[in-house]
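The values are calculated or read from the model by the stated rules, or taken from the named source; none is laboratory data. Quick caveat: nothing in here was measured; it's all calculated off a predicted structure. Cβ sites come from the backbone with ideal geometry, for glycine too, and all protein chains shown count toward neighbours. Quick note on the areas: whole protein, heavy atoms, side chains included, nothing else; ligands and nucleic acids left out. Shrake-Rupley method; radii C 1.70, N 1.55, O 1.52, S 1.80 Å.
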Amino acid sequence: MDKVQSSKVSTSHLMTKRSQTIILILLLVGGLVLTSLFVSKKSLSSWLKPPSPVGIYGYWKEHDVARYAAESFEIRPLGIYRDGRLVTTQYSWDGQTLSYQLGELHYSYLYLNNTFIRHQPAHYISTFVRTSLLLN
């Protein structure tokens, strides 16, 4: 083989190596991009999706109030219940605040440390804790 042919073979071999390296880098970058898109879609969807109200379902009774004067309500998948009766099927839960309309009154509760603190109507500061439902 003469020098010209040897140079062409060497250049061809170098170009093949370089193109393989570029393809490998592009595949790695593409894989990283796809992985990050998948991860960000998962975290983005969980961030955009409203929290499940399952954690707040149950019977909530006013705390630190005389037993006969304590208010209570129950949250079920179908809506808000008072005294065993469904009073509204429309309520809002954003993971921190529960609100609903009952007649002319707007009720709003802040969820903090597994308790609800009533903000509206604000006669006084009311704290509601989840309790066992007592059946008579």
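A few notes on this one:
- Residue count, region 63-74 (criterion: exposed (fewer than 13 other Cβ atoms within 10 Å of the Cβ), free of Cβ contacts under 8 Å to residues at least 12 places away in the same chain and not in a helix (DSSP H, G or I)): 1
- Qualifying residue in region 52-62 (condition: within 30 Å of Ile125 (Cβ to Cβ), modelled with pLDDT of 70 or more and open to solvent by 70 Å² or more (accessible area, probe 1.4 Å)): no
- Among the residues making up region 78-104, those that are in a loop (DSSP other than H, G, I, E, B) and without any contact (Cβ under 8 Å) to a residue 24 or more places away in the chain are Leu78, Asp83, Gly84, Thr89, Gln90, Gln96, Gly103, Glu104.
- Single residue of region 89-119 satisfying the filter (within 16 Å of Trp60 (Cα to Cα) and polar (S, T, N, Q)) that is nearest to the chain's Cα centre (by Cα): Gln96
- Residue tally, condition farther than 20 Å from Asp64 by Cβ and either in a strand (DSSP E or B) or modelled with pLDDT of 90 or more (or both), over region 105-136: 2
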